[in-house]
Structure formats: structure tokens, C-alpha cells
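Encoded as C-alpha cells, the structure appears first; notes follow it.
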Amino acid sequence: MKICFFGSSLVSCYWNGAATYYRGMLKEIAALGHDVTFYEPDAFERQAHRDIEDPAWAKVVVYPATPDSWQRMVAQAAQSADLLIKASGVGVFDAELEDAIATVPSNAARIYWDVDAPATLDAIALDPHHHLRKAIPRYDAVLTYGGGDPVVRAYRAAGARDCVPIYNALDPATHHPALPKPAFAADLNLLANRLPDRETRIERFFIDAASHLPQQRFVLGGAGWDGKPMPANIRTVGHVGTDDHNAFFCSARATLNVNRDSMARYGFSPPTRVFEAAGAGACLITDEWQGIELFLEPDREVLVAADGSDVAAHLDALSPERARLIGERGRARVLAHHTYRHRARQFNNLLEGMNTRIEAAE
């Protein structure tokens with residue numbers, strides 16, 4: 001099947017948290033025999049911060065971030081595709097692309113793939129004239145990378161013909177145990193760009209935990225943290241490229257995951273960082289959210305914290321031996337049940353079922 005996928009970027013993780021998900025999913029989808037073309041705009045300096053070359057398993061089409069260019073790309077894809085996919089969060093002309101891909105004349109099936117469904121659904125709920133209210137019913141299916149039953153119910157209420165979560169996962173070829181690097185050495189580290197809907201939670205879970213443990217070392221990776229007031233025991237290291245993610249996770253006694261506001265509220269939304277860290281064999285501490293036990297077993301494969309005091313208590317009691325054991329158990333669980341190969345098979349099964357329904361309707 002010829003799949004044309006419109007997303008933020010496949011070749012750059014710069015201000016692009018979905019890159020790991022796209023790469024893992026599309027590589028394994030291509031391995032099942034599908035022909036993948038990924039369309040991405042030249043925007044936000046992502047092309048200047050590429051961290052991979054064009055992959056062998058997908059054709060990458062980079063287009064100027066202009067109205068004429070995205071329209072030309074949609075028309076081109078519509079002529080050749082068996083399946084058109086629009087991902088959320090491209091960053092430029094999202095509304096126009098979502099409307100165009102839903103309505104462009106084509107024999108292709110259409111999927112809206114939401115990589116931040118809680119935030120999208122909140123935006124729809126707040127705006128009675130939101131463009132997706134008309135666009136979503138025109139897609140053959142909505143896929144999300146998280147959200148569970150709450151997101152499925154909300155999307156169906158918004159008119160989706162079907163909605164299925166295809167969760168984040170691990171690509172064992174890219175995220176695995178690695179040698180630590182002194183630049184990332186810490187008792188606890190966190191990898192997260194500074195975003196408005198996550199900053200308060202990072203203050204609560206990470207910065208507050210550091211203030212409770214002034215003798216321990218904390219490292220914060222990610223863009224945008226310059227100028228943020230922090231305790232003296234927190235060191236910021238700026239943007240961490242994907243080549244350094246494994247070393248980053250393996251350089252601390254434990255690593256922290258903090259979900260964005262909407263993802264924590266809906267639950268069932270493990271970000272890519274959870275699987276990246278687990279794949280590296282890191283001892284993971286995560287903020288508390290509904291559904292974590294579907295992916296990792298609390299107190300055995302992951303430590304769960306309700307606030308910064310809980311994070312500090314976990315860290316203060318965490319011996320290197322227990323940290324190593326939690327990391328090993330988490331890695332084993334993810335390898336057995338939560339790789340992108342597992343997710344790609346789920347996608348393929350859904351695609352077969354969707355095509356059967358489309359053919360029956362015709």
C-alpha cells in the first residue's frame with residue numbers, strides 16, 4: 001500500500017517530540033511491505049538541526065512552508081496514495097491541511113493521526129467553531145498515540161467513525177543501554193523541552209524534588225530552560241540530540257518522566273520518553289497518571305510519584321542495586337510487549353479491517 005503521511009518532521013527531533021514515534025512506527029510499517037512517503041515543511045529550523053539522514057524505509061519530501069507548497073503536496077499525494085494520513089502538530093497550516101486531506105478528490109482512505117489527542121480534544125471542546133468538528137467525520141478513522149477509553153469516547157462524540165489508540169513504544173535498535181557520559185551524570189535527570197502546558201508540572205515534580213535534596217545532583221535536558229530560576233543543584237544542558245538520549249538516560253541513578261497537563265488529566269498517555277528510558281534500562285520515576293500499570297508495573301518496573309515530595313522520597317531511598325533491578329525489569333517488559341513492531345502489527349490489522357468496511361460501504 002502507498003502511504004502518504006503529512007507530519008512535523010521525520011528527520012529532525014528539534015522542537016519535535018513526535019520524531020521518535022514517527023520513526024519507530026513508520027520503519028516497522030514499511031517493514032510490513034508498505035511504501036511510505038513522509039511530507040514535512042521546512043519550518044522551525046528543523047532542517048538545520050537534522051539528526052538523521054533520509055531513511056532507507058521512507059521517502060522524505062521537504063516542502064517550503066508556504067500556501068502554494070502545501071497545496072501542491074496534497075494534490076501530488078492524492079494522485080498516488082492508497083492511504084492519506086494527516087498527523088496533528090505539523091506546526092504550519094495544520095487546519096488547512098486537515099481540511100484539505102479530508103476533502104481532496106482521491107480514491108485513498110484517510111486517517112487523522114493525533115499525536116497529542118488530549119490537547120486537541122480540549123481545543124475542540126472550547127471552540128464550537130473548531131475546524132475539526134467538520135473535518136473529523138470525513139476521515140475514515142482517527143488514530144492516537146495515547147488517551148485510552150476517555151479519548152476514544154471523546155473522538156466518537158466529535159463524529160469520528162472510529163478511534164483507536166496506537167501507543168508510543170520502543171525501537172530497540174535506537175534506544176538501548178549505553179555507556180554513561182560525565183556531562184549528564186546525576187542522581188536524577190529529566191529530558192523535556194520547556195512548554196507552557198508542562199512547565200508547572202516540571203516545577204512541581206522536578207524542581208521541587210531538587211529543593212528537597214540539596215546534596216543530590218539533578219540534570220535537566222531540553223530546549224528553552226535558559227533563564228528559568230532553579231535550585232543550585234540543578235544543571236541544565238540544553239537540547240539533547242537523539243544520538244545522546246541513551247547516554248543521557250544511562251548517566252543518572254534514575255530518570256524522571258513528567259506528562260503534559262492534558263495527557264496527565266486524560267491518562268493512558270505514556271510519552272515516548274517512558275519507552276526510551278525503559279529501553280535504555282534506566283530506572284524510571286514517573287508522575288502519577290491513570291493507566292501506567294498497562295505499560296509498567298508500579299514499584300517493580302517503575303516508581304510512581306504524586307508530587308515532588310514523592311519523587312524526593314523515592315530518590316532518597318533508591319540504592320544503585322534497586323535502581324538497576326527496576327531498570328532491568330522495565331526493559332524486559334517493554335521488549336516483550338511494547339515495541340514498534342507490536343504497534344505496526346496492530347496498525348496493519350486495523351488497516352485491513354478499515355479497508356473491509358470501506359469496501360462494504362461502497
Being hydrophobic (A, V, I, L, M, F, W, C), open to solvent by 20 Å² or more (accessible area, probe 1.4 Å), within 30 Å of Arg331 (Cβ to Cβ) and not in a loop (DSSP other than H, G, I, E, B) narrows it down to one of Ala123, Ala119, so name that one.
Ala119
Conditions (1) aliphatic (A, V, I, L, M); (2) open to solvent by 40 Å² or more (accessible area, probe 1.4 Å); (3) over 19 Å from Leu170 (Cβ atoms): number failed by Leu318:
(2)
Just name the residue that is farthest from Leu318 (Cα to Cα) out of those in the range 264-281 that are open to solvent by 10 Å² or more (accessible area, probe 1.4 Å) and of a type in the set (A, V, I, L, M, F, W, C).
Phe268
Out of Leu294, Leu256, sole residue that is within 26 Å of Asp197 (Cβ to Cβ), surrounded by fewer than 17 Cβ atoms within 10 Å (Cβ to Cβ) and not basic (Lys, Arg)
Leu294
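Would you mind stating whether Val90 is under 24 Å from the mean Cα position of the chain (by Cα), among the β-branched types (Val, Ile, Thr) and within 30 Å of Thr242 (Cα to Cα)? Lay out the reasoning, then the answer.
Details: under 24 Å from the mean Cα position of the chain (by Cα): yes; among the β-branched types (Val, Ile, Thr): yes; within 30 Å of Thr242 (Cα to Cα): yes.
It is true that Val90 is under 24 Å from the mean Cα position of the chain (by Cα), among the β-branched types (Val, Ile, Thr) and within 30 Å of Thr242 (Cα to Cα).
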State which residue is surrounded by the most Cβ atoms within 10 Å (Cβ to Cβ) when the search covers only the range 220-253 and only residues that are of a type in the set (Gly, Ala, Ser) and over 17 Å from the mean Cα position of the chain (by Cα).
Ala252
By residue number, the members of the range 154-207 that are open to solvent by 60 Å² or more (accessible area, probe 1.4 Å), under 20 Å from the mean Cα position of the chain (by Cα) and aliphatic (A, V, I, L, M) are Ala173
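Hey, does the range 151-169 have a residue that's in a loop (DSSP other than H, G, I, E, B), at positive phi and out of contact with any Asp or Glu (no Cβ under 7 Å at 6 or more places or on another chain)?
yes
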Determine the pairs where a residue that is closer than 14 Å to Leu10 by Cα, located within the range 43-72, has a partner that is basic (Lys, Arg) and at pLDDT 95 or above with Cβ atoms under 8 Å apart, the partner being 6 or more residues away or on another chain.
Ile52/Arg23; Pro55/Arg23; Pro55/Lys27; Trp57/Lys27; Ala58/Lys27; Tyr63/Arg72
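Output the residues belonging to the range 57-90 that are charged (D, E, K, R), open to solvent by 60 Å² or more (accessible area, probe 1.4 Å) and part of a strand (DSSP E or B).
Lys59
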So Val240 clears everything in (1) modelled with pLDDT of 95 or more; (2) touching a strand residue (DSSP E or B) at 6+ places or on another chain (Cβ under 9 Å) except one condition, right? Which one?
(1)
Filter the range 229-278 for residues that are free of Cβ contacts under 8 Å to residues at least 60 places away in the same chain and over 19 Å from Phe184 (Cβ atoms) and give the result.
Pro229
Name every residue in the range 22-51 that is touching a Ser or Thr at 6+ places or on another chain (Cβ under 7 Å), modelled with pLDDT of 95 or more and open to solvent by less than 40 Å² (accessible area, probe 1.4 Å), in order of residue number.
Glu40, Arg46
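From the list Asp54, Asp114, Asp99, which residue is surrounded by fewer than 21 Cβ atoms within 10 Å (Cβ to Cβ) and within 24 Å of Val152 (Cβ to Cβ)?
Answer to the check: Asp99.
The values are calculated or read from the model by the stated rules, or taken from the named source; none is laboratory data. No experiment lies behind these values; they were computed from the predicted model shown. So basically every Cβ, Gly included, is an ideal-geometry build from the backbone, and we count neighbours across all protein chains shown. SASA here: full protein model, heavy atoms, side chains in, ligands and nucleic acids out. Shrake-Rupley method; radii C 1.70, N 1.55, O 1.52, S 1.80 Å.
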